[in-house]
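> Handing you this structure, nothing more for now.
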Amino acid sequence: MSNNLFDFGMIGLGVMGRNLLLNTADHGFSVIGFDKDLIKTAALEAAATEGTTVKGVPDLAHMVQQLQTPRKLMMLVPAGKPVDDVIESLLPLVEKGDIIIDGGNSHYTDTLRRVKYLREKGIHFMGVGVSGGEQGARTGPSIMPGGDVEAYAHVKPLLEAISAKVNGEPCVAYLGKEGAGHYVKMVHNGIEYAIMQLISESYTLLKHAGLSNDELHETFKKWNEGALQSFLVEITADIFLQNDDKTRARLLDVISDKAGSKGTGKWTSQDSMELPVAVPVIDTAVAMRTISGYKDERVKASVLYNESGATLDVSTEEFIKQVHDALYFATILSYAQGLAMLYQASKELAMDIPLPEVVSVWRGGCIIRSTLLETFTQAYKQSPDLSNILLDSGVASLVKSVEANTRAVVSQAALSGIPAAAFMSSLAYFDAYRTERMTTNLIQAQRDYFGAHTYQRTDISGTFHTEWNH
């Protein structure tokens with residue numbers, strides 16, 4: 001085969017596409033990228049490491065012709081119709097056995113449809129989640145491939161080379177059939193929403209306790225050196241120190257409190273209800289971003305309901321420890337809910353998602369990487385088919401060690417009128433999950449009373465209906 005043929009192609013040379021391609025080239029693969037924008041193709045070549053083989057072209061057919069067979073090419077374009085448009089553009093150009101990868105944040109149902117559509121044409125299609133942002137793409141992301149296992153064998157050496165590494169192990173693994181890669185990435189993003197909301201609530205509570213930005217920086221920096229060590233805690237510490245280039249204020253203090261989203265957290269919430277699996281911390285995180293958008297209404301309500309901005313009357317050092325423990329508790333609960341969702345989806349949707357590999361892949365490169373994932377990795381080594389991480393005795397001992405301080409924080413927030421909905425929902429989930437007999441028997445009685453929905457009994461097997469006394 002001619003030496004001028006390329007190992008790997010990329011469609012879409014935005015920040016993520018360009019950086020992922022440069023990362024691939026740095027690991028000895030010859031790469032070619034397509035973008036209609038000549039500025040982007042030139043930027044790709046200009047950014048290439050000396051000695052690597054990197055080419056940018058504005059013609060899709062030319063790029064496809066330059067790839068070794070079976071062709072391995074990835075799209076990094078916006079989810080939805082743009083992905084379908086690229087696929088249609090590629091179909092006249094590719095051949096049977098070629099591999100098309102969608103590396104964007106597509107909904108898994110779209111991935112399922114595309115897998116089937118292309119399989120009928122003899123083309124391999126893979127949905128691959130990529131996490132780590134701009135920096136991760138360039139230096140080593142967490143990669144979550146799913147779909148055609150035969151196709152994965154062809155791309156595995158490349159993906160392992162460019163992924164993040166933890167203890168020498170690549171943060172990539174085959175994560176299941178059909179749409180599994182994008183499903184895992186969707187749940188990853190849901191957990192990300194939850195932890196970001198919990199960190200935001202920690203910030204709220206500590207501000208009410210009187211901590212300055214400098215003190216908040218020191219607090220989060222210290223937390224990142226211990227049990228809470230994670231990417232999100234690390235960057236939070238940095239954020240508190242960033243100065244605004246337009247004023248003398250800290251940048252955080254002039255950023256609007258209306259939070260944006262791209263919908264992946266919402267998808268996690270919606271799809272959890274279809275299974276069904278309870279993920280209330282993720283649901284709450286999505287809801288809080290929505291409420292943050294009601295800015296005008298919140299301003300009016302703050303006057304109508306006399307919002308109190310008073311400083312909490314607490315021992316600062318003790319309260320910092322309590323918030324630390326509450327964040328640790330609720331972070332575990334966030335992972336537990338997301339992983340429980342993957343467990344159920346794997347069975348219900350026949351995707352065969354290997355949870356031990358999922359937590360291993362998340363240990364490095366991705367936004368939700370944290371030391372906790374090492375703990376979960378050990379739990380799954382002992383019990384690979386664990387339905388909920390909370391059922392592991394090691395995890396249970398960690399949760400119990402911080403339970404009292406979590407209750408103290410939730411109580412303080414509730415009594416002081418400080419919004420801490422994600423902390424509250426994590427504790428409510430925990431209390432319900434560990435309750436042997438819930439009072440939902442009353443709900444079953446109500447359903448049978450007004451709708452003859454029937455019920456089951458604790459003493460006799462079978463299904464029953466009662467003519468209730470009116």
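> Hey, any hits in the range 239-261 for a residue that's touching a residue at least 40 places away in the same chain (Cβ under 8 Å) and surrounded by 13 or more Cβ atoms within 10 Å (Cβ to Cβ)?
Yes: one or more hits.
> Here's something else I'd like to know. Filter the range 1-54 down to residues that are among the basic types (Lys, Arg) and in contact (Cβ under 8 Å) with a residue 24 or more places away in the chain and give me whichever is nearest to ALA161 (Cα to Cα).
ARG18
> If you don't mind, there's one more thing I want to ask. Whether any residue in the range 133-144 is modelled with pLDDT under 95 and closer than 29 Å to ALA326 by Cβ is what I want to check.
Yes, that holds for at least one residue.
> Take PRO276 and decide whether it is assigned by TED's automatic domain parsing to the domain that holds SER426, farther than 19 Å from ALA420 by Cα and of a type outside the set (Ser, Thr, Tyr).
Yes: the conditions hold for PRO276.
> Of everything in the range 375-403, what is surrounded by 13 or more Cβ atoms within 10 Å (Cβ to Cβ) and within 21 Å of LEU198 (Cα to Cα)? Give them in sequence order.
THR375, PHE376, ASN388, ILE389, LEU390, VAL395, ALA396, LEU398, VAL399, SER401, VAL402, GLU403
> Now for a different question. Looking only at the range 158-215, how many residues end up being of a type in the set (Val, Ile, Thr) and over 30 Å from ASP7 (Cβ atoms)?
5
> In addition: Which of the following residues is β-branched (Val, Ile, Thr) and closer than 23 Å to ILE235 by Cβ: VAL279, VAL303, VAL314, VAL359?
Just a single option satisfies the conditions, and that option is VAL359.
Rundown of residues vs (1) among the β-branched types (Val, Ile, Thr); (2) in contact with a Ser or Thr (Cβ under 9 Å, 6 or more places away or on another chain); (3) outside any loop (DSSP other than H, G, I, E, B), yes/no style:
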residue	(1), (2), (3)
TYR174	no, no, no
LYS177	no, no, no
TYR183	no, yes, yes
ILE191	yes, yes, yes
ILE195	yes, yes, yes
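> Within the range 155-170, identify whether any single residue is part of a loop (DSSP other than H, G, I, E, B), out of contact with any Cys (no Cβ under 7 Å at 6 or more places or on another chain), at pLDDT below 95 and not small (Gly, Ala, Ser), and answer yes or no.
Within the range 155-170 (the criterion being part of a loop (DSSP other than H, G, I, E, B), out of contact with any Cys (no Cβ under 7 Å at 6 or more places or on another chain), at pLDDT below 95 and not small (Gly, Ala, Ser)), the answer is yes, since at least one residue qualifies.
> Further, regarding this structure: Within the range 3-32, how many residues turn out to be buried (at least 20 other Cβ atoms within 10 Å of the Cβ) and outside any loop (DSSP other than H, G, I, E, B)?
Matching residues across the range 3-32 total 17.
> Something else about it: Could you tell me whether any residue of the range 149-156 is assigned by TED's automatic domain parsing to the domain that holds GLU88, within 20 Å of SER360 (Cα to Cα), out of contact with any strand residue (DSSP E or B) (no Cβ under 9 Å at 6 or more places or on another chain) and free of Cβ contacts under 8 Å to residues at least 60 places away in the same chain?
Looking through the range 149-156, at least one residue is assigned by TED's automatic domain parsing to the domain that holds GLU88, within 20 Å of SER360 (Cα to Cα), out of contact with any strand residue (DSSP E or B) (no Cβ under 9 Å at 6 or more places or on another chain) and free of Cβ contacts under 8 Å to residues at least 60 places away in the same chain.
> Keeping to the range 274-288, report how many residues are out of contact with any helix residue (DSSP H, G or I) (no Cβ under 6 Å at 6 or more places or on another chain), in a helix (DSSP H, G or I) and modelled with pLDDT of 95 or more.
1
> Here's a follow-up. Which number in (1) under 21 Å from LEU216 (Cα atoms); (2) assigned to a helix (DSSP H, G or I); (3) small (Gly, Ala, Ser) marks the one condition that ALA379 misses?
Only one criterion is unmet by ALA379, namely (1).
> Could you tell me which residue of the range 391-434 is farthest from ASN306 (Cα to Cα), considering only residues that are under 25 Å from the mean Cα position of the chain (by Cα) and outside any helix (DSSP H, G or I)?
Only one residue fits best here, namely ASP392.
The values are calculated or read from the model by the stated rules, or taken from the named source; none is laboratory data. A quick note: this is a predicted structure, and the numbers were derived from the prediction, not measured. No Cβ is skipped: glycine too gets one built from the backbone with ideal geometry, and neighbour counts run over all protein chains shown.
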